[in-house]
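S.K.: My questions will all concern the structure given below.
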Amino acid sequence: MSKLFFRYGAMNSGKTTALLQVAHNYEERDQSVVLIKSSVDTKGDDQIVSRLGVSRPADVLLSPGQDLRSACRALREQRVDLDSGVACVLIDEAQFLTPEQVDQALEVAVLDEIPVVAFGIRTDFQTRAFPGSQRLMEVAHSLQEMKTICRCGNKAIFNARMGEEGIIREGEQVMIDGDSARYEALCARCYLEGSGTAS
Ligand SMILES: [Zn+2]
């Protein structure tokens, strides 16, 4: 049985770079992959962009109301290069999936027997789980944390939204990095101290 994997980490933990590397590894062995990006992530339009400068277009730009499993099936019917099957489905910025789309990703893994690897952020700027990430935590067969370092050298686990005066505490859950907001991956101590919670 194929599995649903969730690889989560704070911003800048190399998730997209890892995704593109996995895609490359499959393709080097002449196996086809399908890359999915949520349309909620407007950064780079349909491109999946890693901070190292590597990018490639997503095969599916998934809108919140769209069925993930149907989108994969439709793509397999459209594209001749997928005739021999899809070796893996890779999802970038998976925190932006709806819980229903995560359930559909599980169906792709279990019922369609295609491994699905979702990469995403666990929590938002207020340290609350994104709905998609919460559902992934609940149903993924395998969870893997991807690590990155805080400015102090400790492991970063939170994604602080930064303003001129420091950490911003209020606002919309989704504001795209580099577009309408700026973020910094921080450890819990730096997050709490920067928020004025510690004394
Ligand atoms: Zn720190």
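None of the figures in this text is laboratory data; all of them are computed from the coordinates on show. Please read these numbers as outputs of a predicted model, since none were measured by experiment. Note: ideal-geometry Cβ built from the backbone for every residue, glycine included; neighbour counts use all protein chains shown.
S.K.: Excluding same-chain residues fewer than 8 positions from K155, which aspartates and glutamates have a Cα within less than 12 Å of its Cα?
M.R.: E145
S.K.: Then there is this: Work out from phi, with θ = phi - 60° and the Karplus expression 6.51 cos²θ - 1.76 cosθ + 1.60, the ³J(HN,Hα) of each residue of the range 43-48, listed in order in whole Hz, and give x for Gly and Pro.
M.R.: 5, x, 6, 8, 7, 9
S.K.: Which far-off residues, 5 or more places away or on another chain, put their amide H under 5 Å from the one on A129, with H placed in the peptide plane?
M.R.: Excluding prolines and chain starts, which carry no amide H, the hits are D124.
S.K.: Using the Kyte-Doolittle scale, find the helices of the chain whose mean hydropathy is at least 1.6 and whose Cα atoms extend 27 Å or more along the helix's long axis, counting only whole DSSP H runs.
M.R.: Both cut-offs are met by no helix.
S.K.: Can you list residues from other chains, or at least 5 along the same chain, whose modelled amide H is less than 5 Å from the amide H of Q47?
M.R.: Amide H to amide H, under 5 Å and 5 or more residues apart or across chains, Q47 pairs with A58.
S.K.: Hey, another quick one. Tell me which lysines have Cα within less than 24 Å of K37's Cα, excluding those fewer than 8 residues away on the same chain?
M.R.: Those lysines meeting the cut-off are K3, K15, K147.
S.K.: Tell me which cysteines of the chain come out unpaired when the rule is another cysteine's Cβ under 4.7 Å.
M.R.: Result for the chain is C72, C88, C152, C190, no neighbouring Cys Cβ within the cutoff.
S.K.: Antiparallel DSSP bridges in the chain: what percent, to the nearest 5?
M.R.: 40
S.K.: So what are the ³J(HN,Hα) numbers for the range 81-93, from phi and the Karplus equation (6.51, -1.76, 1.60; θ = phi - 60°), rounded to whole Hz, Gly and Pro as x?
M.R.: Karplus-based 3J(HN,Hα) across the range 81-93 equals 5, 9, 4, 7, x, 10, 7, 6, 9, 10, 10, 9, 6 Hz.
S.K.: Could you tell me which of I167, F5, T17 has its Cα farthest along the dipole of the chain towards the positive end, charges placed at Cβ (Lys, Arg +1; Asp, Glu -1), taken about the Cα centre?
M.R.: I167
S.K.: Next question. Among Q47, Q144, Q126, whose mean-square fluctuation peaks in a Gaussian network model of the chain (Cα, cutoff 10 Å)?
M.R.: Looking only at Q47, Q144, Q126, the largest GNM fluctuation is found for Q144.
S.K.: Could you give the semi-axes, largest first, of the ellipsoid that matches the chain, computed as the square roots of 5 times the alpha carbon gyration tensor eigenvalues and rounded to whole Å?
M.R.: 31, 16, 15
S.K.: Below 8 Å between Cα atoms, with a sequence gap of 6+, how large is the relative contact order for the range 1-142 in percent?
M.R.: Over the range 1-142, the number comes to 35 percent.
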